[in-house]
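Colleague: This is the structure, below, for whatever I ask next.
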Amino acid sequence: MRSKAPGGRPSSRSAVVTGMRSTAAGRCGVTVLAWAPRPSLYALLVSDFLDTVGNVLQLTVVLLGPSTAVYATDIVLRRNRYDGIALGDESRTGPFWYTGGFNWAGVLALASGVAVSALCVDTVYTGPVAAALGGVDLALPTGLVVSSAAYALLTRRIHVTA
């Protein structure tokens, strides 16, 4: 919608802005289509779309399950007591900077949970544990338990030695 100039006519400036917005939106749409990832084209053109979406969602469990477990375990260990201002402090002296900006207990716990989940998944890829159990997908429960236990042990070990 164009804004009105003092005389009641549409402002030429609003027409230029509106034109620029529509041209920019068109360019963004073309750019998105040009840079669409190859797997999405595969999902749309080659296989059954719903099966592909289901497989992608099942594979995200391999990463999201362990990361959620690390987050929930941290909340339990800290008794949900966080310093809100300190969470936003990105300086090297901040309490959440840890070692070089990484909480190595969290990184190792996440890596161990993802590794165990990958061994137990049964989707497009079937892990050796899932294959040995006849196709039972235990990626979520094993990833949750392993990453949570690893984070709790590594965090306590770091706090005791530090």
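Colleague: For region 87-122, give me the residue count where each residue is in a loop (DSSP other than H, G, I, E, B), β-branched (Val, Ile, Thr) and surrounded by fewer than 18 Cβ atoms within 10 Å (Cβ to Cβ).
Modeller: 1
Colleague: Moving on to the next point. Count, please, the residues in region 55-81 that happen to be loosely packed, with under 13 Cβ neighbours inside 10 Å and either under 17 Å from the mean Cα position of the chain (by Cα) or not in a helix (DSSP H, G or I) (or both).
Modeller: 6
Colleague: Is it the case that some residue within region 7-23 is surrounded by 11 or more Cβ atoms within 10 Å (Cβ to Cβ), on the phi > 0 side of the Ramachandran plot, modelled with pLDDT under 85 and assigned to a loop (DSSP other than H, G, I, E, B)?
Modeller: Checking region 7-23: not a single residue is surrounded by 11 or more Cβ atoms within 10 Å (Cβ to Cβ), on the phi > 0 side of the Ramachandran plot, modelled with pLDDT under 85 and assigned to a loop (DSSP other than H, G, I, E, B).
Colleague: Answer with yes or no whether residue 41 is modelled with pLDDT under 75, outside any strand (DSSP E or B) and out of contact with any helix residue (DSSP H, G or I) (no Cβ under 9 Å at 6 or more places or on another chain).
Modeller: yes
The values are calculated or read from the model by the stated rules, or taken from the named source; none is laboratory data. Remember, predicted model here, so these are calculated numbers, not experimental data. Every residue, glycine as well, gets a Cβ built from its backbone with ideal geometry; the counts of neighbours run over all protein chains shown.
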